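Working notes for the structure below.
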Amino acid sequence: MDMREDKIEDYIKELKMNEYLEIPRDEYLESNEPVTSASPTCWGTLPDEEFIPAFESVPQVPAGIYEIKWNRDAQKHTLKKQPFKTDELYQLPSYEIMDILKDIKNFWDRKDKYKEYNFIHKRGILMYGEPGCGKSGIIQLIAKDLIEQDGIILNIKDADDVEHFIEFITTFRKIEKTRPLIVLLEDIDSIAGENNHSTSKLLNILDGVKQIEGVVYIATTNYPEKLQDRITNRPSRFDRRYKVELPNDEIRRAYIHHKLKDEDLKGVDVEMWVKETEGMSLSHLKEVVISTIVMGRTFEETMDNLEGMKKSPTIKGSGTMGFGR
């Protein structure tokens, strides 16, 4: 056995191929038995005209939302596709939604202008506001639009994801040179809050040496006061900031009409619902629909329950534990 065969043998052992195949390697080469999805199906190329068993290759990953993972068996970073449901998305008549979608579309359309003026083709958008006001819904609409353009969304959730991104993004861009890319930084305050050691690394991603072309960074936070000025008050890191407000009458009315079926609307006083839900978030409005239409409770009972949820839960009594006491 020469050195090249040794390398192939080591490669197969490293990927634990035999535990999937359950047959010796020399028998595998002559076997007609079907192989599993973990089996090499083609040849990969190495320097000096050397070839190695490899898995099926694709010229580009399918459009979608991905997380960057470290694969211990392959000892490489991989892209793991995340589930994404788009059938219930609906563009509410919100200024923030319309302006953000317009800004991003304009960004993709003006790639040549960025190049003409020698600017890196990147954009940063920060959305902030109270929980439940619809920031995640806006992100879903943005993601849906990009997926329809055959783009990729990378989701960064914590400090480990920041590290993976820094280590992997150069490789990604070598393979996907011009692919439209969005990088999501939901709850960015948990990644780059006050005195957080990840802040400098994140800044390096946004406008440091790790800058890449063809990317929109979209961040959200419920607590903008936790973010440092060098993140929130510096164009080229986040070029546009949007405060996502509680839904107004028009938005709440549109949401109700969208969620309820025609037969539901016949028995609902929509204008009364709109009036009574003033000051509520979209999350609260969702519970109104679920509780009354899906669960069959009365509107009054539902509103009483939501009002009661504003109070912190407490336990009164002697402090003893047990049932029936």
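The values are calculated or read from the model by the stated rules, or taken from the named source; none is laboratory data. None of the values given here were measured: they were computed from a predicted structure. Here Cβ is always computed from backbone atoms with ideal geometry, including for glycine, and neighbour counts include all displayed protein chains. What goes into the accessible areas is simple: the full protein's heavy atoms, side chains included, and nothing from ligands, DNA or RNA. Shrake-Rupley method; radii C 1.70, N 1.55, O 1.52, S 1.80 Å.
Just a few scattered comments:
- Selected residue (criterion: nearest to Gly214 (Cα to Cα)) from residues of the stretch 146-163 that are open to solvent by 20 Å² or more (accessible area, probe 1.4 Å) and of a type in the set (A, V, I, L, M): Ile147
- Answer residue from the stretch 108-142, given it is in contact with a strand residue (DSSP E or B) (Cβ under 9 Å, 6 or more places away or on another chain) and basic (Lys, Arg) and is farthest from Leu202 (Cα to Cα) among those: Lys135
- Taken residue by residue, the stretch 176-188 has at least one member that is in contact with a Gly (Cβ under 7 Å, 6 or more places away or on another chain), surrounded by 19 or more Cβ atoms within 10 Å (Cβ to Cβ), in contact (Cβ under 8 Å) with a residue 40 or more places away in the chain and farther than 14 Å from Ala219 by Cα.
- Looking only at residues of the stretch 235-246 that are surrounded by 17 or more Cβ atoms within 10 Å (Cβ to Cβ) and in contact with a helix residue (DSSP H, G or I) (Cβ under 6 Å, 6 or more places away or on another chain), we find that the one that is modelled with the highest pLDDT is Tyr242.
- Within the stretch 285-298, tally of residues that are in a helix (DSSP H, G or I), open to solvent by 30 Å² or more (accessible area, probe 1.4 Å) and over 16 Å from Leu92 (Cα atoms): 4
- Where a residue in the stretch 58-72 is over 17 Å from Phe165 (Cα atoms) and of a type in the set (A, V, I, L, M, F, W, C) and its partner, wherever it lies, is in a strand (DSSP E or B) and at pLDDT 85 or above, with Cβ under 9 Å and at least six apart: Ala63/Ile152; Ala63/Ile153
- Some residue of the stretch 108-127 being hydrophobic (A, V, I, L, M, F, W, C), modelled with pLDDT of 90 or more and in a helix (DSSP H, G or I): yes
- Number of residues in the stretch 155-178 that are touching a helix residue (DSSP H, G or I) at 6+ places or on another chain (Cβ under 7 Å) and of a type in the set (A, V, I, L, M): the value is 4.
- Any hit, the stretch 133-145, residues being in contact (Cβ under 8 Å) with a residue 40 or more places away in the chain, open to solvent by less than 70 Å² (accessible area, probe 1.4 Å) and among the acidic types (Asp, Glu): yes
- Filtered by the rule that a residue be open to solvent by 80 Å² or more (accessible area, probe 1.4 Å) and of a type outside the set (Asp, Glu), the stretch 260-275 gives Lys261, Lys266, Lys275.
- Candidates in the stretch 224-234 are the residues that are open to solvent by 100 Å² or more (accessible area, probe 1.4 Å) and either assigned to a strand (DSSP E or B) or farther than 14 Å from Asp207 by Cβ (or both); of these, the one that is modelled with the lowest pLDDT is Asp229.
- Qualifying residue in the stretch 70-79 (condition: farther than 30 Å from Ile138 by Cβ, modelled with pLDDT under 85 and basic (Lys, Arg)): no
- Ile52 vs. criteria in contact with a His (Cβ under 6 Å, 6 or more places away or on another chain) and either modelled with pLDDT of 85 or more or not hydroxyl-bearing (Ser, Thr, Tyr) (or both): no
Residues checked against (1) part of a strand (DSSP E or B); (2) among the β-branched types (Val, Ile, Thr); (3) modelled with pLDDT of 80 or more; (4) open to solvent by less than 70 Å² (accessible area, probe 1.4 Å):
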| position | (1), (2), (3), (4) |
| --- | --- |
| Phe165 | no, no, yes, yes |
| Asn204 | no, no, no, yes |
| Ile212 | no, yes, yes, yes |
| Val216 | yes, yes, yes, yes |
